[in-house]
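S.K.: Provided herewith is a single structure, encoded as structure tokens, for subsequent inquiry.
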Amino acid sequence: MSNENQPTLLVIDGHSLAFRAFYALPVDSFQTSDGQHTNAIHGFIAMLINLLKAEKPTHIAVAFDISRYSFRTREYPEYKGTRGETPPEFIGQIPLLQEALAAMNITTITVEDYEADDILATLATTGSAAGYRVLVVSGDRDTIQLVNDEVTLLYPSRQGVSDLTRYDPAKVQERYGIRPEQYPDVAALVGETSDNLPGVPKVGEKTAVKWLGIYGSLDGILENAEAITGKVGESLREHKDRAVRNRRLNRLVTDLALPVELSSLARSAIDEEAVRDIFARLQFRTLLDRLLKTEGIDPSASQAGSATPTSAPERPEPQRLLDEELRAWIERNAASGCGIALTADVVEGRVVDVALSTAEQSVELAWQLHGADYAPFEEWLTGDSPVVMAGAKSLIKAFHRSGLEVAGPIIDVELLGWVLRPGSPEKDLAGIARRYLGEDLPVGDPNQLIASEGSGLAVDAWFLSRLAPVMREALDEGSLRVFDDIEVPVLPVLAEMELAGVAVSHDELHTLSTSLGDRAADLAAQAYAEIGREVNLGSPKQLQEVLFDQLGMPKTRANKTGYSTDAGALADLQAKSPHPFLGLLLQHRDATKLRQIVESLDKAIAPDGRIHTTYGQIGASTGRLSSTDPNLQNIPIRSEEGRRIRSAFHAGEGMETLLTADYSQIEMRIMAHLSGDPGLIQAFKEGEDLHRFVGARIFGVDPSDVTPEMRSKVKAMSYGLAYGLSAFGLSKQLRIESSEAKKLMSDYFERFGAVRDYLRHVVEQAKTDGYTTTIFGRRRPFPELSSPNRVVRENAERAALNAPIQGSAADIMKIAMVRIADEMRTSDLRSRMLLQVHDELVFDVAPGETDTLGELVTRHMSGAAELSVPLDVQLGVGTDWNTAGH
DNA sequence: GCGAATACGTA
DNA sequence: CGTACGTATTCGCT
């Protein structure tokens, strides 16, 4: 009998349980956004958490097979020979599971030449001998032989892995009618199809158990084989060698030399940071919460205050300094390390409280604008000393509203974190501190009104000042250049653009919204009439009922919830099975989508009559900006109605006009430069229509004989190339035969072979390095390139192929923006840079500045990089964005 | 109230 | 089986 104090050893067959989980959970429901399947991992971890809660083991180990070969396959090559190929969706889940287990500080054990079951057997034997209560979790029936008074087997049921049946000796007796140690004898006689071990023909479980009841053991049965009558007895005598062989193979090894001591299997606290990391990669939210709860960690706290390692330096007590003391402190520290770190509370757009810190000392300021006591702070802030911040852009804007321009070099640790690891989910100070200092940011109790000891502005500032040097040190040469010469300088430019905003006419939007709303209602009514009932046209689910059940249309591309009803699928349907409803639905979608955009823009107009977007400098892993609240980088342009939305964006009060400037075909030009393809470079140098030029080469005709159809095919392919487009994708997009698409691509590469070589090279290099690099040295890591999961890996390959191209274009645009902003300032222009849409800039032009600004902008945009092809810039002028954008 | 899934706008 | 984003909607879940 076990007692309260008896330690419990939990040993799990990792491979067998993961495999059970794989078949118990639907593959399609458990995938990360980049296509990694996770159902086996999910099922396994869920089961593990249940066991941790229910059994409270003091010691744990998970055993894995190293390969499907072991001493048993050497002895009997057909052993497990009937097992089919491992499903591709399962491959790759085991290493990730092992990573997750490592993060949970759970020991995994493998032994060369042996199976996981042997490890289980050894642990069960030595464990029970050492006084442990042992729980064996396995989906392999051979482990039944391990059961005794101290060892219980938990065996997964048919339903799933979290439903485990407990086999103690009594349960084994009840289920099989034998003692556990007799099980291998039964199995040897009956055989095991899944292991490719045929048994004695005609002997089933019933017979085997009956014989054991009579003769006690397999040996006993074989000794008395002559005494067994009938056909079964004959069969036994003929095939007794099979039973002997099976018995030899199914005997588990109980005295393996294991690489670990039992005592080292003692349960220890999970590595919270590592667990959050791997669970984030696996996109396990609920499991993370469940695990943290079982571990006694509050999942809602993004960090655990108590986990701060003792090696962390002691937090300085913040000082309250004023006037000359403050001046002295600032002067003493301004040049130390990376500079003084600054944190501030912003309330309603204004800065209210401020803290400063170095790695040694913190200062709190009850700052009031232009208060004499704080003049030294304001002088420092607006001077040219470096300022360390986190999320600097919003602080710069807040200070600006108080009339203070933060001028010095800005070292933003969030920006640093992004340059170091673009795409990393940890973007805020807490995540960064965990990664780069290995410390948890102390967190205040949200229910407490007064900030608790050790949390707040001063502590954050102290973390910042320690992070900045560590993170800068971590930058390679290229990334350092990108940070210092591109990202830091562009930051204040973005702040200015956000503050400036763009003027938008509420009246125009309102009119547009009304007419789009009317049209949507009209189209909806017509659509309802076509199908004789009212459905929610915005519900893909209800549309599926209408299209495929009611109207009996052919099935489209499958998705998770049924069949696709997106624009492409509906267009296919219209071709195959024309119906007025389809056209009406598409038009309705169009109208409601546009109206929704118009509505959200209208709501975003500030009291100053302008829309102030927020640019995400650390949003995109390629180096591009993003735009939110609202997104001004996806304002429609392709349709006539869409252009009417652009018309509502107009020159501001006191301004003369809007000016747009965009790079033409910048990504293609970068591809020409990076690949060094002579044909493509010549195309750009000659300066004529690119797609016409390329089309002439591919189709072997004169440029003047390139038809519009040829041109559009070439255009689609040229653009697609930089995204890793396949012949299949090209044929789908152009709705041409895949043989034609193939021909098109091979003709292209025939003429522009260096492009293909370059694209291949980029991926190869990325596989070697683990990251891609832009012209200016910006890096993007690609760990997925070595994934065994084909879908994951190929997705990464396309992204890697695109990253240097998209990223270099982003670098070039940012450099141009910095230089333009600089010269606009030094030339005292009153015009303003307002918007950036990846390859386009939009300006408010002050009266009389059109020509000057146009020249300045063109010069800096085309001069932002020295490529082997010219950077062509197109200007447009007009009172609204539609007319200004050619 | 939250998230996943779907759909769609831009470069 | 084409990269990079952000947003709105519906629907099923807690």
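S.K.: Restricting to the range A:811-845, name every residue that is buried (at least 18 other Cβ atoms within 10 Å of the Cβ), of a type in the set (Asp, Glu) and in a helix (DSSP H, G or I).
M.R.: Within the range A:811-845, just A:ASP811 meets the criteria.
S.K.: Only residues that are touching a strand residue (DSSP E or B) at 6+ places or on another chain (Cβ under 9 Å) and among the hydrophobic types (A, V, I, L, M, F, W, C): list them for the range A:175-190, please.
M.R.: Those that are touching a strand residue (DSSP E or B) at 6+ places or on another chain (Cβ under 9 Å) and among the hydrophobic types (A, V, I, L, M, F, W, C): A:ALA187, A:ALA188.
S.K.: From the list A:SER746, A:SER808, which one is surrounded by fewer than 16 Cβ atoms within 10 Å (Cβ to Cβ), within 16 Å of DNA strand C (Cβ to nearest atom) and not in a loop (DSSP other than H, G, I, E, B)?
M.R.: A:SER746
S.K.: Are any of the residues in the range A:24-37 within 16 Å of DNA strand B (Cβ to nearest atom), buried (at least 21 other Cβ atoms within 10 Å of the Cβ) and either on the phi > 0 side of the Ramachandran plot or not hydrophobic (A, V, I, L, M, F, W, C) (or both)?
M.R.: There is at least one residue in the range A:24-37 that is within 16 Å of DNA strand B (Cβ to nearest atom), buried (at least 21 other Cβ atoms within 10 Å of the Cβ) and either on the phi > 0 side of the Ramachandran plot or not hydrophobic (A, V, I, L, M, F, W, C) (or both).
S.K.: Tally time: how many residues in the range A:726-743 are in contact with a Phe, Trp or Tyr (Cβ under 8 Å, 6 or more places away or on another chain) and either buried (at least 17 other Cβ atoms within 10 Å of the Cβ) or assigned to a loop (DSSP other than H, G, I, E, B) (or both)?
M.R.: Narrowing the range A:726-743 to residues in contact with a Phe, Trp or Tyr (Cβ under 8 Å, 6 or more places away or on another chain): A:738, A:741.
Now drop any that are not either buried (at least 17 other Cβ atoms within 10 Å of the Cβ) or assigned to a loop (DSSP other than H, G, I, E, B) (or both), which leaves A:741.
Going through the range A:726-743 one residue at a time, the tally reaches 1.
S.K.: Considering A:THR152, A:THR165, which residue is in a strand (DSSP E or B) and without any contact (Cβ under 8 Å) to a residue 12 or more places away in the chain?
M.R.: Checking each option against the conditions leaves just A:THR165.
S.K.: Taking the options A:GLU764, A:GLU797, name whichever one is within 14 Å of DNA strand C (Cβ to nearest atom) and among the acidic types (Asp, Glu).
M.R.: After applying the criteria, what remains is A:GLU797.
S.K.: Another question about this same structure. For residues that are touching a helix residue (DSSP H, G or I) at 6+ places or on another chain (Cβ under 8 Å) and more than 9 Å from DNA strand C (Cβ to nearest atom), tally how many sit in the range A:624-639.
M.R.: Residues that pass the stated criteria total 4.
S.K.: From A:LEU835, A:LEU841, A:LEU829, grab the single residue that is among the hydrophobic types (A, V, I, L, M, F, W, C), within 16 Å of DNA strand C (Cβ to nearest atom) and out of contact with any Cys (no Cβ under 7 Å at 6 or more places or on another chain).
M.R.: A:LEU835
S.K.: Within the range A:392-409, how many residues are modelled with pLDDT under 90 and among the β-branched types (Val, Ile, Thr)?
M.R.: Qualifying residue count for the region: 0.
S.K.: I would also like to ask the following. Within the range A:553-594, work out how many residues are within 11 Å of DNA strand B (Cβ to nearest atom) and not aliphatic (A, V, I, L, M).
M.R.: The number of residues fulfilling the criteria is 17.
S.K.: Quick one: which of A:GLN596, A:GLN587 is away from DNA strand C (no atom under 16 Å from the Cβ) and either of a type outside the set (D, E, K, R) or out of contact with any Leu (no Cβ under 7 Å at 6 or more places or on another chain) (or both)?
M.R.: Of the residues listed, the single one that is away from DNA strand C (no atom under 16 Å from the Cβ) and either of a type outside the set (D, E, K, R) or out of contact with any Leu (no Cβ under 7 Å at 6 or more places or on another chain) (or both) is A:GLN587.
S.K.: When you scan the range A:611-634, how many residues do you find that are assigned to a loop (DSSP other than H, G, I, E, B), free of Cβ contacts under 8 Å to residues at least 40 places away in the same chain and either buried (at least 17 other Cβ atoms within 10 Å of the Cβ) or not acidic (Asp, Glu) (or both)?
M.R.: Matching residues across the range A:611-634 total 4.
S.K.: Same structure again: Looking at A:ARG248, A:ARG237, A:ARG281, which is the one that is assigned to a helix (DSSP H, G or I) and surrounded by 17 or more Cβ atoms within 10 Å (Cβ to Cβ)?
M.R.: One residue alone meets the criteria, A:ARG281.
S.K.: A further question on this structure: Looking for whichever is in the same structural domain as A:ARG778 (by TED's automatic domain parsing), farther than 30 Å from A:ALA390 by Cα and within 15 Å of DNA strand C (Cβ to nearest atom) here; the options are A:GLY642, A:GLY562, A:GLY568. Which one fits?
M.R.: That would be A:GLY642, the only listed residue that is in the same structural domain as A:ARG778 (by TED's automatic domain parsing), farther than 30 Å from A:ALA390 by Cα and within 15 Å of DNA strand C (Cβ to nearest atom).
S.K.: Can you tell me which of A:LEU494, A:LEU509, A:LEU523, A:LEU499 is within 30 Å of A:ALA864 (Cα to Cα), within 16 Å of DNA strand C (Cβ to nearest atom) and in a helix (DSSP H, G or I)? Walk me through how you get there before you give the answer.
M.R.: Numbers: A:LEU509 fails: within 30 Å of A:ALA864 (Cα to Cα); A:LEU523 fails: within 30 Å of A:ALA864 (Cα to Cα); A:LEU499 fails: within 16 Å of DNA strand C (Cβ to nearest atom).
Matching residue, one of A:LEU494, A:LEU509, A:LEU523, A:LEU499: A:LEU494.
S.K.: Moving on to the next point. Can you tell which of A:VAL842, A:VAL763, A:VAL792, A:VAL755 is within 30 Å of A:GLY654 (Cβ to Cβ) and not hydroxyl-bearing (Ser, Thr, Tyr)?
M.R.: A:VAL842
S.K.: Separate question: Of these, A:VAL147, A:VAL200, which one is over 26 Å from A:TYR23 (Cβ atoms), surrounded by 14 or more Cβ atoms within 10 Å (Cβ to Cβ) and among the hydrophobic types (A, V, I, L, M, F, W, C)?
M.R.: A:VAL200
S.K.: Going by the conditions given, is A:LEU658 in contact with a helix residue (DSSP H, G or I) (Cβ under 9 Å, 6 or more places away or on another chain), of a type in the set (A, V, I, L, M) and more than 13 Å from DNA strand B (Cβ to nearest atom)?
M.R.: Answer is yes for this residue.
S.K.: Follow-up question, since we're still on this one. So is A:VAL535 in contact (Cβ under 8 Å) with a residue 24 or more places away in the chain, surrounded by 14 or more Cβ atoms within 10 Å (Cβ to Cβ) and within 15 Å of DNA strand B (Cβ to nearest atom) or not?
M.R.: For A:VAL535, the condition - in contact (Cβ under 8 Å) with a residue 24 or more places away in the chain, surrounded by 14 or more Cβ atoms within 10 Å (Cβ to Cβ) and within 15 Å of DNA strand B (Cβ to nearest atom) - is not met.
S.K.: Now a separate question. Name the residue, out of A:VAL62, A:VAL27, that is under 16 Å from A:SER138 (Cβ atoms), in the same structural domain as A:ILE144 (by TED's automatic domain parsing) and among the β-branched types (Val, Ile, Thr).
M.R.: Unique residue meeting the criteria: A:VAL62.
S.K.: Suppose we filter the range A:259-272 for residues that are over 17 Å from A:PRO57 (Cβ atoms) and surrounded by fewer than 18 Cβ atoms within 10 Å (Cβ to Cβ); how many remain?
M.R.: Residues that pass the stated criteria total 2.
S.K.: Please count how many residues of the range A:545-559 are within 20 Å of A:HIS588 (Cα to Cα), surrounded by fewer than 18 Cβ atoms within 10 Å (Cβ to Cβ) and either acidic (Asp, Glu) or within 14 Å of DNA strand C (Cβ to nearest atom) (or both).
M.R.: Qualifying residue count, the range A:545-559: 1.
S.K.: Does A:GLU641 qualify as being under 24 Å from A:LEU494 (Cα atoms) and in a helix (DSSP H, G or I)?
M.R.: No.
S.K.: Shifting gears a bit: Looking at A:MET817, A:MET833, A:MET861, A:MET824, which is the one that is touching a helix residue (DSSP H, G or I) at 6+ places or on another chain (Cβ under 6 Å) and over 24 Å from A:MET668 (Cα atoms)?
M.R.: A:MET833
The values are calculated or read from the model by the stated rules, or taken from the named source; none is laboratory data. Not measured: the values here are computed from a predicted model. Here Cβ is always computed from backbone atoms with ideal geometry, including for glycine, and neighbour counts include all displayed protein chains.
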